[in-house]
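The values are calculated or read from the model by the stated rules, or taken from the named source; none is laboratory data. As the structure is a prediction and not an experimental result, all values here were calculated from the model.
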């Protein structure tokens, strides 16, 4: 009666989709936050001004728009590994650059670690079956086969 163990392997095809959606939403949220929260600009000025080579408000606008675009790319699975690599880099920079951010903002630090781990997992795993990358790859593979025949 208790010998039957549920086989979860048929759900593996959804792993990348789930990672892409949640990491993409995280990126969109971070980008939106940079564009609409004025107090975030003040904290960036205080924490990062010495590292900036452009005005912090301009940096936040560029970074916010870029994060929203990357998040959408990740959700639809377009150039997923590139988006995942950039997200991992952003998360690692969030951990390293501010120095002892853990003392000031423990949850932010933990989110950056979790996001970096998820992004690295997606970078290794790839976009998966339910992605624009897979669809374009299948179309390219079909086109190559037609040209070879």
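Right, residue 16: modelled with pLDDT under 80 and in a helix (DSSP H, G or I) or not? Give the steps one after another, and end with the answer.
Numbers: modelled with pLDDT under 80: no; in a helix (DSSP H, G or I): yes.
So residue 16 does not fit the description; no.
Filter the range 32-77 down to residues that are under 18 Å from residue 93 (Cα atoms) and not in a helix (DSSP H, G or I) and give me whichever is modelled with the lowest pLDDT.
Selected residue: 52.
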